[in-house]
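Asker: To start, I am sharing the structure in question, which I have written as C-alpha cells.
The values are calculated or read from the model by the stated rules, or taken from the named source; none is laboratory data. Not measured: the values here are computed from a predicted model. Neighbour counts are summed over all protein chains in view; Cβ atoms, including those assigned to glycine, are modelled from backbone coordinates with ideal geometry.
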Protein chains: 2
Amino acid sequence: MLSERHLEVVLAVVYEYIKTGEPIGSRTIARKFLKDRSAATIRNEMADLEEMEYLYQPHTSAGRMPTPKAYRVYVDAILRRQRTFPSESEGWIRELREKRKDVEEALGYATRLLGKITSYIGVGALGPATETVLQRVEFLRMGHSTVLILLVLKGGLIHHRTVTLPCDMTQEALDELSRRVSMIALGRSWGEIRGTLQSYVEEALERYADNCRSALLEMDSILSEKPFQFFTGGAHNVLGLPDFNDLGRLQTIMALLEEEDSIGRLVRGCSAEKGLCVTIGDENPVLQMRDCSIVMASTVTGGRKAVVGLIGPVRMDYERSISVLEGVLDTLAENGESDEEVR
Amino acid sequence: MLSERHLEVVLAVVYEYIKTGEPIGSRTIARKFLKDRSAATIRNEMADLEEMEYLYQPHTSAGRMPTPKAYRVYVDAILRRQRTFPSESEGWIRELREKRKDVEEALGYATRLLGKITSYIGVGALGPATETVLQRVEFLRMGHSTVLILLVLKGGLIHHRTVTLPCDMTQEALDELSRRVSMIALGRSWGEIRGTLQSYVEEALERYADNCRSALLEMDSILSEKPFQFFTGGAHNVLGLPDFNDLGRLQTIMALLEEEDSIGRLVRGCSAEKGLCVTIGDENPVLQMRDCSIVMASTVTGGRKAVVGLIGPVRMDYERSISVLEGVLDTLAENGESDEEVR
DNA sequence: CTTAGCACTCTACAATAAAGAGTGCTAATA
DNA sequence: TATTAGCACTCTTTATTGTAGAGTGCTAAG
C-alpha cells in the first residue's frame, strides 16, 4: 500500500521533523536525503502522502509534518534493525550498576536516569515475579493495641503497615498468631487460603477473635491493594521541550503521573507483551495522554518483575529512547540472572 | 522603625498584590483600604516605603510591588492572630483521617492534598521519632547467597534491603546471626553499639566471618543513609500559576524536589524550630529556591516525627496556606496522641 | 501636613508593512 | 509518461508605528 519511493519520503520527513520540530519542505528533503529527485517531484509525492494521511500541513504554504501513521512506519523500521547504546551515557549505566543492591532504589534511580538521559519522563513499576505467596509473616507490638504487620512475599517484596486492633494483645499472643498464619499460608498462594485461614487462627486465640479477624482483614487489604510499586522520575526534564509548551496539557499529564492507577494502566497495557513496546499517540490506553508516546519494556530483576519506560512527546527521538531504555533494562536484568533459583 | 501609617500601607499593598498579582497603584489603596487618605498622600508614603525597601516599582510609571521585607511584615502580622481552617476543604480532611492507618501512605496523601487544596507544591518528611534504636532484626535467605535484611526501628520505621553476601549461608546460620545482633543491639542506640557488635557476632559464626562483616556493613549503610523518607505531591498544580511562568526556574525547582537531600535541607532548616515556620524568598537555605516561599510545620504521628509543608511563589496566599497546613497537621497528629507510650 | 491638578513616562495592544519560506500549477524536457 | 524548472500565490513571522491607559512626581493651594 506504500511504495518504496513513498516510504523513503515518509522516513526522511519523520527523521528530519524529529530533529527540528519544524514543518519540512520539499526542498529540504531533496537536498539532504533524496538527492536523486528534485524538489518538485517530492512535492508531488508529498501531495500523495497527504492524501494517504501520512503527512499533513499546518497551513497551506507550510512544509509537511508527520501524522501518527507516519511515526508508526518509522518506529517499525527502527525496531527492525540493530541499535547501539549511546556511548556518552555509559557513565550513568555504571552508576546504575552500583545501585542494584536495593531493587527498589535501583528502579527509582533508573527512572530518574531515563528522564535525565532522554529529557523525557521516566516511569517504572515493580511487582511480584509470581503470584502472591507469603514467605514470612510477623506481627510486632508497637504500642497499646498498635501492631505492625510485616509481610515478606516470595521474590522479596515487602509490605508493612501499622494498624490499631480492637484491643491490646501481648507480643506472645501476636507470636502465636503469626505462627498460626505461617502454618497455613506459607508457600501457598494467598488467594487459595485466605478463606480457610480465619477458623484455624481463632481456634487457639478465641480470646482475641476480634483482633484476629481485623488483622486478617488488614493483611487481605495489603495484599490486594498493593500489587505494584510505581516510580516516576525526571518529569522536570520535559518542561523545556517545545512540544509541551501547552501548559494545560502538561499539567494533566503530570497530575496523572501522581495517580498510581493511571501508570498502572500504562504498565498493564505494555507488560502483557514480551519485550519492547512502543505506543504512539492515540494508540495510548490513557485518553489524556493521547498526544504522548510511550516506550516500555519489562524484565526480571532481583527476583521481581520490573517494567521501565519513557513517556515523551509524539515527536520523540524514538531511536535514542529505545537504545537507552534497552541499555538500562539490560543493566537491571544482569542481577536478575544470578538468583534464578528464587523462582 | 516603621510607623503605624506606613505599616497600614504595606499590609494593604501586600494583601492586594497577593490577590491580583499586578503592581498596586496609590489610587487603589486609597479607594479600597485607606479611605481616610487621598491617593496623593499615599503616593508620598509609598515613596518613603520605596526608600526603606519595603516596596519597589517594576518601572517608573507603574504601581508598587512588595519586597521580601514587606512580605515578612505581612506574615508576622498573620501569625500573630488566630486563623480558621477553610471550611470548603473539610471533606478532604475527612479523607485524610481515613488514611491514617498507614503512616507512610497518610503522609504521601497529605502532601498531595496540600498541593491540591492550595495549588502549591506539598512536601513531607517522615523520620524516626527518636534516635535510631533497633527493635527487631531479621535476615531472610532469598536465594543463593542473597539475603533480605529487615530492620524494624523503634517508632515503627522499617528498612529492608536485599543484598548479596560473599558466600551462601543456611537460614539457621542467619537466624543465629540475627539472634546475636538482637542480643546486643536491641533497645540501644545504634551509634552506641555499632563498634562492639562485630566481635560478638563473629564469635559464634567464625565460619561466616566475611558474611557477618558485610551484613553489618550493610546494616550500617541502611541506618545511616536513610534517616528520613521524603514525599512530594501536587507539583503539577503550580504549572498554571503566573508566578512560575519562567519555565527555566520551575524546572530547577522540580529537579531539586527529586533530589532527596535538597528537601532534606529544607526540612532540617525548619524542623529545628518548634511549630510553624515560614521562610520567605531569600531567607531560604536552598539557593535555587530563592524566589520561593516555604511554609513548614512538624508534629508527631504514629510514633514518628513528621514534617509537612508547602512550597509556593513568594507571592503566596500565606493566610490560606498556613490555615490549610495547620488543619492537615492537626489531623495527622490526632493519632499521634493515642500511643504516647511508644516513646 | 494634606490634597487637587497636570504634565510626563512607560507599558500594552492593535494595526500595518515587509520579508521569507513553501506550495501548487503549468509548461518544457528526457 | 515521469521528471523538472519557473513563477505566481498564500500564509506566517517579525519589526514598526501609533494610540490608549494607568500611574507617578511635582507644584501650588487649602
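Asker: Can you tell me which of A:GLU45, A:GLU8 is away from DNA strand D (no atom under 11 Å from the Cβ) and either in a helix (DSSP H, G or I) or not assigned by TED's automatic domain parsing to the domain that holds A:LEU276 (or both)?
Answerer: Answer to the check: A:GLU8.
Asker: Of the residues in segment A:43-65, how many are more than 8 Å from DNA strand C (Cβ to nearest atom) and either within 14 Å of chain B (Cβ to nearest Cβ) or buried (at least 19 other Cβ atoms within 10 Å of the Cβ) (or both)?
Answerer: Number satisfying all stated conditions: 4.
Asker: Also, I was wondering about something else. Is there a residue in segment A:16-32 that is in contact with an Asp or Glu (Cβ under 9 Å, 6 or more places away or on another chain), of a type outside the set (Lys, Arg), more than 16 Å from DNA strand D (Cβ to nearest atom) and not assigned by TED's automatic domain parsing to the domain that holds A:GLY327?
Answerer: Yes.
Asker: Could you check segment A:48-59 and list, in sequence order, the residues that are within 13 Å of DNA strand D (Cβ to nearest atom) and in contact (Cβ under 8 Å) with a residue 40 or more places away in the chain?
Answerer: Step one: list which residues in segment A:48-59 are within 13 Å of DNA strand D (Cβ to nearest atom), which gives A:48, A:57-59.
Within segment A:48-59, A:ASP48 is the sole residue that qualifies.
Asker: Name the residue, out of A:ARG112, A:ARG97, A:ARG81, that is at negative phi and over 20 Å from the mean Cα position of the chain (by Cα).
Answerer: Values: A:ARG112 fails: over 20 Å from the mean Cα position of the chain (by Cα); A:ARG97 fails: over 20 Å from the mean Cα position of the chain (by Cα).
A:ARG81 is the lone residue from the list that is at negative phi and over 20 Å from the mean Cα position of the chain (by Cα).
Asker: Restricting to helices (runs of 4 or more DSSP H) lying wholly in segment B:161-252: which have 3 or more residues that are within 30 Å of B:TYR109 (Cβ to Cβ) and at the interface with another protein chain (Cβ under 10 Å from one of its Cβ atoms)?
Answerer: Output list reads B:209-225.
Asker: Please tell me if B:ALA106 is in contact with a strand residue (DSSP E or B) (Cβ under 8 Å, 6 or more places away or on another chain) and within 16 Å of DNA strand D (Cβ to nearest atom).
Answerer: Against the criterion (in contact with a strand residue (DSSP E or B) (Cβ under 8 Å, 6 or more places away or on another chain) and within 16 Å of DNA strand D (Cβ to nearest atom)), B:ALA106 does not qualify.
Asker: Still on this structure, please answer the following. Residues that are surrounded by fewer than 20 Cβ atoms within 10 Å (Cβ to Cβ), within 18 Å of B:GLN288 (Cα to Cα) and in contact with a Pro (Cβ under 9 Å, 6 or more places away or on another chain): does segment B:221-241 have at least one?
Answerer: no
Asker: Specify the residue that is nearest to B:ALA77 (Cα to Cα); the eligible residues are those in segment B:33-42 that are free of Cβ contacts under 8 Å to residues at least 24 places away in the same chain and within 9 Å of DNA strand D (Cβ to nearest atom).
Answerer: It comes out as B:ALA39.
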